[in-house]
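Report on one structure; see the data block that follows.
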Amino acid sequence: MDNKIFASLKSIGAYAPKKILSNKDLESMVDTSDEWIVQRTGIKERRIASDDELTSDLGVMASKLAIKRAGLKTRDIDAVICATLTPDFLCMPATACIIASKLGIKNILAFDVSAACSGFIYILYLAKSLIESGVHKNILIVGAEKLSSVLDYTDRGTCILFGDGAGAAIVGVTTDKREAILDIQISADGDYAHLLMTPRSRATHPKDEKTLEYLQMAGNEVFKVAVKTLTSDVIEILNKNNIKSSQVNHFIPHQANLRIINAVREKLDFPIEKTVLTVHKYGNTSAASIPMAINEAYEDNKIKKGDLLLLDAFGGGFTWGSSLIYFGGE
Ligand code: COA
């Protein structure tokens, strides 16, 4: 008998803060218009966490749902991995440690991953490896962001794009390949680091201007590389696994800009009905974007066990990654 074990995406959960920041609201903050934002990005509104709501708090809310939907108790979790570019603290303690503590989970592996908007694919990759090594059984992975904390609300080139939120999932064990994470590929190219950055470290740049306390982005250049990379990445993972785009049930791209999503979708011939879209209501929530989108489709009863999901992410670093997953949740 073949006893090979595979990693499985067992459940999903998400949380969006209550406060809505609409394009109309932004019109009174910077020189922009609802029409421009919708036309250039597809974003209509985004969520903003309250002052006392931290990235870990958003992550905890999403995690509770994911743990419950996997039919687990917190004591069943044997690792917590968090992807974020807006950690509660700069480098330590890790937001994953804080999330674990707030959930009452102790004495297990907990750490953060910094891979910007590709963060969820990166932690999925790590969780898959840890599960398939046979060492771990139930890993909580969390993509959580309070991007409003690093945005300059006088810079119309960035503040219109991003929002706050969190998504979480349980990666567990299966012996059934039809409910397994089939493949994940991740990559990076640091030569593009300067095009998308959060504030620089005071240790290396003690004399930085105040403007460098915020996220910096060369939007137009990021846009071009994003379209090219997201497209080639998806073509590569489909070819590698001998899967046609028509076999994919749900295409779940990173929700940065509707024009980026549509450019990739059209190149790959994915119909809009098969593409999960949340960018209009949450904007770009970086590491939380893909799990929030999976959750949205799940809560709309669109995703069922065994469905083939195709994830595709791109972000600062630059980092990128894609994954083919037979959904393993109920
Ligand atoms: N409202 C109104 N006008 C704006 C604006 C805003 N919020 N932001 C920029 N503009 C203006 C620019 O100043 C420029 O004006 P000019 O022609 O007089 O110089 C004009 O609009 C076009 O600017 P450009 O930067 O070329 O627009 P764009 O079509 O590239 O759209 C982004 C800008 C930021 C929406 C787009 O580049 C983008 O989405 N980039 C990718 C961002 C991203 O995904 N980042 C995260 C990666 S994970």
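The values are calculated or read from the model by the stated rules, or taken from the named source; none is laboratory data. Note that the coordinates shown come from a computational prediction; the quantities given were computed from them, not determined experimentally. Note that we place each Cβ from the backbone using ideal geometry, even for glycine, and neighbour counts take in every protein chain shown. Each accessible area value is taken on the protein alone, full model and side chains, heavy atoms only, with ligands, DNA and RNA left out. Shrake-Rupley method; radii C 1.70, N 1.55, O 1.52, S 1.80 Å.
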Would you please list the contacts, defined by Cβ atoms under 8 Å and residues six or more apart or on different chains, that run from a residue in segment 47-68 that is farther than 18 Å from Gly104 by Cα to a residue that is among the aliphatic types (A, V, I, L, M) and part of a helix (DSSP H, G or I)? Ala49/Leu58
Sole miss for Met217 among (1) open to solvent by less than 60 Å² (accessible area, probe 1.4 Å); (2) free of Cβ contacts under 8 Å to residues at least 24 places away in the same chain is condition (2)
Candidate set: segment 233-258, residues that are within 12 Å of the ligand (Cβ to nearest atom) and part of a loop (DSSP other than H, G, I, E, B); chosen: the one surrounded by the fewest Cβ atoms within 10 Å (Cβ to Cβ): Asn257
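Residues are listed down the side, and each one gets a yes or a no for (1) assigned to a helix (DSSP H, G or I); (2) open to solvent by 50 Å² or more (accessible area, probe 1.4 Å); (3) not aromatic (Phe, Trp, Tyr):
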position	(1), (2), (3)
Ser187	no, no, yes
His194	yes, yes, yes
Lys207	no, yes, yes
Val222	yes, no, yes
Thr231	yes, no, yes
Test for Asp312: is it in a strand (DSSP E or B) and either acidic (Asp, Glu) or open to solvent by 50 Å² or more (accessible area, probe 1.4 Å) (or both): yes
Can you run down the residue pairs with Cβ atoms below 7 Å, 6 or more apart or on separate chains, where the first is in segment 284-311 and on the phi < 0 side of the Ramachandran plot and at pLDDT 95 or above and the partner is within 16 Å of the ligand (Cβ to nearest atom) and of a type in the set (Asp, Glu)? Thr285/Glu145; Thr285/Asp164; Ala287/Glu145; Ala288/Glu145
Unique match (being at pLDDT 95 or above and either assigned to a strand (DSSP E or B) or more than 21 Å from Phe314 (Cβ to Cβ) (or both)) among Ile123, Ile105: Ile105
Just give me the residues in segment 129-185 being away from the ligand (no atom under 15 Å from the Cβ), assigned to a loop (DSSP other than H, G, I, E, B) and hydrophobic (A, V, I, L, M, F, W, C), in sequence order. Val135, Ala180
Output the residues belonging to segment 15-34 that are within 13 Å of the ligand (Cβ to nearest atom) and either within 23 Å of the chain's Cα centre (by Cα) or part of a strand (DSSP E or B) (or both). Asn23
Is there any pair with a first residue in segment 250-270 that is more than 17 Å from Gly321 (Cα to Cα) and a second that is part of a loop (DSSP other than H, G, I, E, B) and open to solvent by 30 Å² or more (accessible area, probe 1.4 Å) whose Cβ atoms are under 8 Å apart and which are 6 or more apart or on different chains, and what are they? Leu258/Leu277
Taking the condition of being within 16 Å of the ligand (Cβ to nearest atom) and either open to solvent by 10 Å² or more (accessible area, probe 1.4 Å) or among the hydrophobic types (A, V, I, L, M, F, W, C) (or both), how many residues in segment 285-309 meet it? 5
Filtering segment 35-83 for residues that are open to solvent by less than 10 Å² (accessible area, probe 1.4 Å), within 16 Å of the ligand (Cβ to nearest atom), of a type in the set (A, V, I, L, M, F, W, C) and assigned to a helix (DSSP H, G or I) leaves a count of 1
Can you find a residue in segment 141-157 that is at positive phi and either without any contact (Cβ under 8 Å) to a residue 12 or more places away in the chain or not charged (D, E, K, R) (or both)? no
